[in-house]
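The values are calculated or read from the model by the stated rules, or taken from the named source; none is laboratory data. Everything numeric in this text was worked out from a predicted model, so none of it was measured. Cβ: placed from backbone, ideal geometry, glycine included. Neighbour counts: every protein chain shown. The accessibility values were calculated without ligands, DNA or RNA, using every heavy atom of the protein model including side chains. Shrake-Rupley method; radii C 1.70, N 1.55, O 1.52, S 1.80 Å.
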Amino acid sequence: MARSYLKSIGSHASAHSSVSRFANHIDTVLSNREAIAEIDAEHAEDDEDLLHQIGYKQELRREYSTLQVFGIAFSIMGLLPSITSTTSIGLEGGAGSLVWGWFIGGFFTLCVGISMSFLGSAIPTSGGLFYYANYYCPDEFRVPLSFVIGCSNSLALCGGLCSINYGFVSELFAAIQLSTGWTGTKYEIYGVFVACLLSQLALCSVTTKLTAEVQTASIVINVFIIILFFIAVPIGYHKNVGAFNDSLFIFNDFTNAREWTTGWSFVLSWMPVIWTIGAFDSCIHMSEECKNPTRKVPIGIVGSITTCWIVGWFIVIVISACIKDKDIERVMLSVTGMVVAQIIEDALGSKWAVAFMVLIAIAQYMMGISILIALSRQVFSFARDDGLPFVYNYVKVINPRIKVPLRATAFAVGLGCFMGLLILINSVAANALFSLAVAGNLLAWGVPVMLVLLPTKAAKRFVPGPFYNKYLFAPINWITSAWVIFVIVLAMFPDNPDPTAQTMNYTAAINGGVWLLAVVYYFVYGYKHYHGPKSNLSTIDGTVEHTESAEYVTTKHSTEKV
């Protein structure tokens, strides 16, 4: 009896000791954080002074013009190539679902972009979203939260890189199929996918000035194929097919090909615009490479979203008007696997369709270059703060000759090749790359916006930049927050209520796994090296120099020991 009692006492003591150790560990993890800098964009002397306020020295060259900042987002959106890759998703709810889904989804996406512009104008740094999460979150949770956002944003952009290049290969193979009837295997698709990434790595490993010029070229290519589409396809359709579909079909056809209700199928058909008008945070990631980023970043974000929203709406209207015999099922089951390719073939014939698909594929390839540039800057900035797991010390190095993060670019390509292995499973698994980009980016966009709205002391750190309107700030941010939550849920729904292994939407498993693993990794190991965004500055004789010490956060405005 006494022995049993003593054993019980020992068991309780052991349990209490374990709980105490766990509590101490959590307390240590949550209290291990860098200091918060004082940032006021409106009163900075110049771009370099503002970057010093944020906590970083100027390591990248500021070569991007306003047009090129706009161009990197506009190129990544790649309007016609992206619509070509995703039209079938919209048409599953009917032509009206595609058209009105684009219009509605585009409006709410613009709200997200305006919210991002408020933040980007206030604190223009390539780290962007994970920096904002750390800056506006209460101290107890800001470091683990910013770590999760940094991982989510990095993997989402990498998912975007993979999905864009997967779309490129699909478009290229569609052109070959139209020309020769040949269809590639999944191994051939993956081989071309990897070759595409490696060639983009070579093209992105040049000076900032040259990568900026790539954005100008991409704008020209995208505008050219859009104008060509608006002119050639309607003329060819009217000549070779006949009258266009009437407005009743274009705007009011809600024929439901899904097993969901017509209303929910209509909502699921918003995904083309949600996926297409994305990655506009790329403008923020380029903010350390443009002059006057507090103004150019908002122009790039809002300008690219607005342009793609309006022009894209007219593109989907033309697509709906040119569906032969109003037979949506026929174009969706096209041998090319792409609705737009079939519509172009009906209107212009096989030879012109091949030429058009090659042009679209070239524009899609340019999209991959642009998103790789933005991804490399995000990866570099996360590594600069010791956030990138395991390899941060190697990746955060800037090439001293051309001032470009070559190692971060190579790391991003390697990660893309690994994630692209999903192609070898099946097309459903490959399509998860699209969902990873959507849900991962939405979390990264939404969290900082929500934090600014909370009635906390941390939220009051927000000091507006030049792009700001006090009457729109709260309403737009509330709309953004609600929309982000809604779309994250939307992106996780399968196409039908009774999915099989072949038709399942794996977004919840993939993104949920990423977020959970990020949390577990941080609390088990990551906290040892990542303490939130940290300064790499110290003040010596009135000048700003690099320092390896993270003990102090020093700017011209504040010095604080953590």
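Take the residues of region 127-155 that are part of a helix (DSSP H, G or I) and over 30 Å from residue 61 (Cβ atoms): which is most open to solvent (accessible area, probe 1.4 Å)? It would help to see each step written out before you state the result.
To start, the set of residues in region 127-155 that are part of a helix (DSSP H, G or I) comprises 129-136, 142-155.
This time we only want the ones that are over 30 Å from residue 61 (Cβ atoms), so: 142-145, 148.
On the way: 142: 9, 143: 2, 144: 17, 145: 49, 148: 20 Å².
The selected residue is 145.
Being within 11 Å of residue 281 (Cβ to Cβ) and not in a helix (DSSP H, G or I) is the filter here; which residues of region 98-126 pass it?
126
Looking at 431, 477, can you tell me which residue is within 23 Å of residue 298 (Cα to Cα) and of a type in the set (S, T, N, Q)?
On the way: 431 fails: within 23 Å of residue 298 (Cα to Cα).
Criteria check complete, one pass: 477.
How many of the residues making up region 320-358 are assigned to a helix (DSSP H, G or I) and crowded, with 19+ Cβ neighbours inside 10 Å?
Filtering region 320-358 down to residues assigned to a helix (DSSP H, G or I) leaves 320-321, 324-326, 328-332, 339-348, 350-358.
With the extra rule that they be crowded, with 19+ Cβ neighbours inside 10 Å, the set shrinks to 320-321, 328, 331, 339-348, 353-354, 356-357.
Summing the residues that are assigned to a helix (DSSP H, G or I) and crowded, with 19+ Cβ neighbours inside 10 Å in region 320-358 gives 18.
Could you check region 223-234 and list, in sequence order, the residues that are open to solvent by 20 Å² or more (accessible area, probe 1.4 Å) and either touching a residue at least 24 places away in the same chain (Cβ under 8 Å) or among the aromatic types (Phe, Trp, Tyr) (or both)?
In the first step, residues of region 223-234 are kept if they are open to solvent by 20 Å² or more (accessible area, probe 1.4 Å); the result is 223-224, 227-228, 230-232, 234.
Answer for region 223-234, where residues must be open to solvent by 20 Å² or more (accessible area, probe 1.4 Å) and either touching a residue at least 24 places away in the same chain (Cβ under 8 Å) or among the aromatic types (Phe, Trp, Tyr) (or both): 224, 228, 230, 232, 234.
I'm checking my understanding of the structure. Among residues of region 311-360 that are in contact (Cβ under 8 Å) with a residue 40 or more places away in the chain and of a type in the set (S, T, N, Q), which one is nearest to residue 242 (Cα to Cα)?
320
Is there a residue in region 502-522 that is over 30 Å from residue 118 (Cβ atoms), more than 25 Å from the chain's Cα centre (by Cα) and either assigned to a loop (DSSP other than H, G, I, E, B) or modelled with pLDDT of 95 or more (or both)?
yes
Checking the structure you have, find out if any residue of region 303-314 is more than 25 Å from the chain's Cα centre (by Cα) and crowded, with 21+ Cβ neighbours inside 10 Å. Full working, then the answer.
Here is the first cut: in region 303-314, the ones more than 25 Å from the chain's Cα centre (by Cα) are none.
Looking for residues that are more than 25 Å from the chain's Cα centre (by Cα) and crowded, with 21+ Cβ neighbours inside 10 Å, one finds none in region 303-314, hence no.
For residue 213, are the conditions met, namely being under 21 Å from residue 77 (Cα atoms), open to solvent by 40 Å² or more (accessible area, probe 1.4 Å) and of a type in the set (Asp, Glu)?
Working: under 21 Å from residue 77 (Cα atoms): yes; open to solvent by 40 Å² or more (accessible area, probe 1.4 Å): yes; of a type in the set (Asp, Glu): yes.
Criteria met by residue 213.
Could you pull out the residue among 206, 220, 267 that is among the hydrophobic types (A, V, I, L, M, F, W, C), open to solvent by less than 60 Å² (accessible area, probe 1.4 Å) and part of a helix (DSSP H, G or I)?
Details: 206 fails: part of a helix (DSSP H, G or I); 220 fails: open to solvent by less than 60 Å² (accessible area, probe 1.4 Å).
Only one candidate passes the filter, namely 267.
Report, by residue number, each residue of region 250-264 that is touching a Phe, Trp or Tyr at 6+ places or on another chain (Cβ under 9 Å) and either crowded, with 21+ Cβ neighbours inside 10 Å or hydroxyl-bearing (Ser, Thr, Tyr) (or both).
250, 262
Any residue in region 29-51 that is more than 28 Å from residue 118 (Cα to Cα) and free of Cβ contacts under 8 Å to residues at least 60 places away in the same chain?
yes
Kindly indicate whether residue 169 is closer than 28 Å to residue 442 by Cβ and free of Cβ contacts under 8 Å to residues at least 40 places away in the same chain. Walk me through it before giving the result.
Numbers: closer than 28 Å to residue 442 by Cβ: yes; free of Cβ contacts under 8 Å to residues at least 40 places away in the same chain: yes.
Here the answer is yes, as residue 169 does meet what is asked.
Residue 179 - would you say it is open to solvent by 60 Å² or more (accessible area, probe 1.4 Å) and assigned to a helix (DSSP H, G or I)? Full working, then the answer.
Values: open to solvent by 60 Å² or more (accessible area, probe 1.4 Å): yes; assigned to a helix (DSSP H, G or I): yes.
Criteria met by residue 179.
Open to solvent by less than 10 Å² (accessible area, probe 1.4 Å), under 30 Å from residue 303 (Cβ atoms) and polar (S, T, N, Q): does that describe residue 170?
Numbers: open to solvent by less than 10 Å² (accessible area, probe 1.4 Å): no; under 30 Å from residue 303 (Cβ atoms): yes; polar (S, T, N, Q): yes.
Considered against the rule, which asks whether it is open to solvent by less than 10 Å² (accessible area, probe 1.4 Å), under 30 Å from residue 303 (Cβ atoms) and polar (S, T, N, Q), residue 170 comes out as no.
Those residues that are part of a loop (DSSP other than H, G, I, E, B) and open to solvent by less than 50 Å² (accessible area, probe 1.4 Å), I need them from region 397-430; list them, please.
If we filter region 397-430 for residues that are part of a loop (DSSP other than H, G, I, E, B), which is where we start, we get 397-405, 425-426.
Those that are part of a loop (DSSP other than H, G, I, E, B) and open to solvent by less than 50 Å² (accessible area, probe 1.4 Å): 398, 399, 402, 404, 405.
Residue 317: in a helix (DSSP H, G or I), open to solvent by less than 20 Å² (accessible area, probe 1.4 Å) and either of a type in the set (A, V, I, L, M) or over 21 Å from residue 442 (Cβ atoms) (or both), yes or no? I'd like the intermediate steps shown before the answer.
Values: in a helix (DSSP H, G or I): yes; open to solvent by less than 20 Å² (accessible area, probe 1.4 Å): no; either of a type in the set (A, V, I, L, M) or over 21 Å from residue 442 (Cβ atoms) (or both): yes.
The answer is no for residue 317.
Can you name every residue in region 379-396 that is surrounded by 22 or more Cβ atoms within 10 Å (Cβ to Cβ), in contact with a helix residue (DSSP H, G or I) (Cβ under 7 Å, 6 or more places away or on another chain) and not in a helix (DSSP H, G or I)?
Within region 379-396, 387, 388, 396 qualify.
Is it the case that some residue within region 272-295 is in contact with a Ser or Thr (Cβ under 8 Å, 6 or more places away or on another chain), more than 30 Å from residue 379 (Cβ to Cβ), open to solvent by less than 10 Å² (accessible area, probe 1.4 Å) and of a type in the set (A, V, I, L, M, F, W, C)?
Within region 272-295, not a single residue is in contact with a Ser or Thr (Cβ under 8 Å, 6 or more places away or on another chain), more than 30 Å from residue 379 (Cβ to Cβ), open to solvent by less than 10 Å² (accessible area, probe 1.4 Å) and of a type in the set (A, V, I, L, M, F, W, C).
For region 436-462, which residues satisfy the criterion of being more than 14 Å from residue 115 (Cα to Cα) and β-branched (Val, Ile, Thr)?
Once the filter is applied, which keeps residues that are more than 14 Å from residue 115 (Cα to Cα) and β-branched (Val, Ile, Thr), region 436-462 yields 438, 456.
For residue 435, indicate whether it is farther than 26 Å from residue 191 by Cα, under 21 Å from the mean Cα position of the chain (by Cα), among the polar types (S, T, N, Q) and open to solvent by less than 30 Å² (accessible area, probe 1.4 Å).
On the way: farther than 26 Å from residue 191 by Cα: no; under 21 Å from the mean Cα position of the chain (by Cα): yes; among the polar types (S, T, N, Q): yes; open to solvent by less than 30 Å² (accessible area, probe 1.4 Å): yes.
The answer is no for residue 435.
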